[in-house]
Amino acid sequence: MNDASMADLGIFAHGATAIAANADIPHVEDLSELSWSFGVMPRTSGMREISMTKPKLIGVNHVALEVDDVDAALEFYGEIFDFQLRGSHRDESGVLQRAFVDMGDQFLALSRGRTQERDTNRHLGLVVDDRSSVMDLATAAGAIVPEGRPFNFLDPWGNHVEIVEYREVQFTKSAAVLKALGVSADKTEAAKEEMRKNGVL
């Protein structure tokens with residue numbers, strides 16, 4: 001089936017999904033013929049093609065970690081990291097439901113209500129200015145340290161966190177954000193070389 005015949009049938013193709021424009025159209029079995037780049041939309045006076053442009057993935061605004069107790073989570077992470085709160089939310093009974101840890105132009109959300117099992121390979125990579133003492137601080141705070149995984153720990157609710165140092169990775173923040181955070185913009189030569197390879201330096 002070509003795109004023109006699909007238009008005659010009144011089928012909208014988007015991704016690998018076919019949607020019939022009316023109930024009389026037979027089911028399409030071969031989804032491999034559907035277009036990933038444009039859709040065919042039904043209209044009252046025939047059909048027309050509409051260009052589909054994919055959005056560019058450019059970063060992470062925030063990540064939410066589920067915990068059983070947000071107050072306890074703030075205490076735990078506060079024993080390991082220096083941070084400020086961007087905001088928080090309590091329910092009508094005063095129980096802290098969510099807290100937002102500021103990271104300049106990003107934030108980490110701590111949300112009450114852990115529903116999944118303890119993490120294994122799934123993990124969150126957090127960037128710090130200096131990670132030399134982070135594992136001692138994490139251990140003292142009660143973190144679980146997986147064997148053979150340096151600079152990795154699990155919080156008391158099973159969230160797996162890996163710690164990387166800003167100067168050693170490609171990840172960058174603007175000069176204004178770094179100034180607000182009080183963090184140096186320095187990068188190692190290895191990090192700079194990786195940035196050059198990817199055209200970001």
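Bear in mind that the values in this text are calculations on the coordinates, not laboratory data. Because the structure is a prediction, the values reported are computed rather than measured. All Cβ positions, glycine included, derive from the backbone under ideal geometry; neighbour counts span all protein chains shown.
Descriptive notes on the structure:
- Debye-sum result for segment 62-193 in log10 I(q)/I(0), which assumes one identical scatterer on each alpha carbon, at q = 0.12, 0.16 Å⁻¹: -0.50, -0.87
- Ranked HIS123, HIS62, HIS160, criterion: other C-beta atoms within 10 Å, fewest first: HIS62, HIS123, HIS160
- Here the Karplus curve 6.51 cos²θ - 1.76 cosθ + 1.60, taken at θ = phi - 60°, turns the phi angles of segment 70-76 into couplings of 5, 4, 5, 5, 4, 5, 4 Hz, with x standing for Gly and Pro.
- Hits among lysines - C-alpha to C-alpha of LYS187 under 20 Å, sequence gap 8 or more where chains match: LYS173, LYS179, LYS197
- Counted over segment 62-193, the DSSP beta bridges are approximately 55% antiparallel.
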